[in-house]
């Protein structure tokens, strides 16, 4: 069959008539927003799975980020980044690493129900988790350790930073007392440079909390940093690491840690998982002026061979 410009134009002109005479179909229902509950990729011989344990919209982000800058500056930066100034979206992203010998979970979300649902959606069961690592003691990281008085991960051993545990032991914290302290006899305390399991190394990143820790994952030359909360927003924390953040307990130490860790990630080209970064939580860091910029991963972590 030979197509000419005239015949194609004639066919196009007839198309509205054909559409108009087609019988209407029942409208599909609106289903609301949705996201995949997990994201899995390889790292050397390991498998890494990020879990979407929860997400929520938070009003008035300038009450959280950039406490040491005025409203005009915050608005200018936000508008340049094409994000609103009246609301922000928080993601809560625990990470699982399957080393082939042990299944390691980093942080547990707000509740036992949330983390169990997230782990199950990723194809695991809580009973399969061998190690639970707590990066720091804020409620959205320790809340899923137990359901009532029952440990959510019945077969796991627990790991956390010694400085962090000792600091919170002296605080009047209901979350620590009900979620962490009952498991203390099953916890291994780590210092900077200590090993969790195989090629998983603790890295001190103090400031957000007194003993906040990150963890470098390495397998066959590939690296990934489980960064937890040293940086909490992909724009406000990276482009402006000196901006004060409400949840940072030592704001000057947290800012120094942000600069140090971001410089390391940018210089070495190491990807990271950020607990509150845009889902699925993985990205790279580039140097940009006096700060840094966030580059979400596309397919870099899922290439075969």
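Taking other C-beta atoms within 10 angstrom as a stand-in for reagent exposure, 85, 146 fall in the order 85, 146, fewest first.
Mean separation of Cα pairs under 8 Å and 6 or more residues apart, divided by the residue count, gives the chain a relative contact order of 16 percent. Note on the chain: antiparallel DSSP beta bridges, both residues inside, total approximately 75 percent of the bridges counted. Counting other Cβ atoms within 10 Å as a rough exposure proxy, the listed residues 176, 171 run 171, 176 from fewest neighbours to most. Compared with the dominant Cα axis of the chain, that is its longest principal axis, helix 71-80 is turned about 50°.
Tell me the Kirkwood radius of the chain: reciprocal of the mean inverse pair distance over distinct alpha-carbon atoms, in Å. That comes to 21.1 Å for the chain. Between the beta carbons of residue 150 and residue 249, assuming R0 = 45 Å, the FRET efficiency works out to 0.90 to the nearest 0.05. Using just its DSSP H runs of length 4 or more, each adding -39500 (n - 2.57), the chain gives a mean residue ellipticity at 222 nm of -6500 deg cm²/dmol after division by all residues.
Where both bridge residues fall in the range 212-283, DSSP classifies roughly 70% of the beta bridges as antiparallel. At an R0 of 51 angstrom, the distance between the Cβ atoms of residue 128 and residue 75 translates into a FRET efficiency of 0.60. A crude spin-label estimate for the pair residue 26 and residue 86, with each label 7 Å from Cα along the Cβ direction, gives 3.8 nm. To the nearest ten degrees, helix 251-268 and the longest principal axis of the Cα atoms of the chain are 60 degrees apart. Rounded to the nearest 10 degrees, the angle from helix 112-121 to the longest Cα principal axis of the chain is 50 degrees. Estimated translational diffusion coefficient (Stokes-Einstein, Kirkwood radius over Cα pairs, 4 °C, 1.567 mPa s) of the range 105-260: 81 µm² per second.
Kirkwood radius and radius of gyration were both taken over the C-alpha atoms of the range 114-175, and their ratio Rg/Rh is 0.99.
Values in this text are rule-based calculations from the coordinates and carry no lab data. Everything numeric in this text was worked out from a predicted model, so none of it was measured. Neighbour counts run over all protein chains shown; Cβ positions are idealised from the backbone, glycine included.
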